[in-house]
1. Figure the gain on full extension for LEU6 and GLU42 (residue separation times 0.36 nm, minus the Cα-Cα span) and round it to one decimal in nm.
2. What FRET efficiency, computed as 1/(1 + (r/R0)^6) with R0 = 41 Å and r the Cβ-Cβ distance, is obtained for ASN112 and ARG240, rounded to the nearest 0.05?
3. Can you give the extra length, in nm with one decimal, that the chain gains between MET126 and ASN68 once fully stretched, where that is 0.36 nm per residue apart less the Cα-Cα distance?
4. How much length is gained if the chain between ARG232 and LEU189 is pulled fully straight, taking 0.36 nm per residue apart and subtracting their Cα-Cα distance, in nm to one decimal?
5. Using a Cα-Cα cut-off of under 26 Å, which lysines could be cross-linked to LYS134, ignoring same-chain neighbours fewer than 8 residues away?
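Coordinate-derived values only; no laboratory data. None of these values were measured; they are calculated from a predicted model. Here the Cβ positions follow ideal geometry from the backbone for every residue, glycine too, while neighbour counts run over all protein chains shown.
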Amino acid sequence: MTNTNLVVENFSEFYHNWVLKLEEILHQLLQVSKKRSNENTEQEVQELVSKVTSHIKEYYTVKWGAANEHVLVFFSPPWLTPLENAYLWVTGWKPSTVFKLVESLNKTTTFNLTEEQENRVEELRMRIKMEEEKVESEMERQQVALADRKTVELAKMCSRTRNGGGGGDGGGDVVEVAEKVDVTMKGVLTGLEKIMKSSDCVRLKTLKGVLDLLTPMQCVYFLAANIAMQLRLRQWGKKRDIAGSIMNHN
């Protein structure tokens, strides 16, 4: 297995640069959103939206590659602040939160969803809720599997081996236990990686579903608000870390 520290170091560096680029993109979105509608061509707006979606896809491409080497770090990522980690849903943001954002934006004068759009948003919300429940059920099944009879027996074998029990060739017992631990852990890690990718797919499906039913300018408002919310949470988390560090030194 690839060294954990190397995976963390490489992805942390990628994430830092990715967030910096995200801040630049937010600035561009805000610039476009502040212009009068006739000052933005539809092509310019669509190109900017495509730029955002490409940047988001890049994150998941790199994430999946790194998770293939060490998936566990993504369930408690050290490159995020404790505040950001507190809001994680299976290694990322919860898809259903997007619909609360759309609902909030629709109360503004610039967003203005049509009745047809509102109906389509509601239909998408219900579909995504079902997808979320599937991921949560799979996560629960994975957790229950850890407590099944085979895993408990394996734990007992480990205990007997550590205590020198079990009789026979002690070295043989250790090898047998080590092999069974490897098989069990590979199954656990494979299951966690599958769940992580499933949750990411729901996130991507949610974003695509919302963007597909919005006008280009509505996409700009939505993406700007969504990114601003993500960056603000990160800023708050860093401020809390700094404040906590100062308190600990005093």
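1. Full extension of this stretch gives 8.6 nm more.
2. On the way: r = 36 Å, r/R0 = 0.88.
Once the sixth-power term is evaluated, E becomes 0.70.
3. The span from MET126 to ASN68 would gain 17.8 nm if fully extended.
4. Working: separation 43, 0.36 × 43 = 15.48 nm, distance 3.21 nm.
Taking 0.36 nm per residue and subtracting the Cα distance, the gain is 12.3 nm.
5. LYS57, LYS63, LYS94, LYS100, LYS150, LYS186, LYS194, LYS197, LYS205, LYS208
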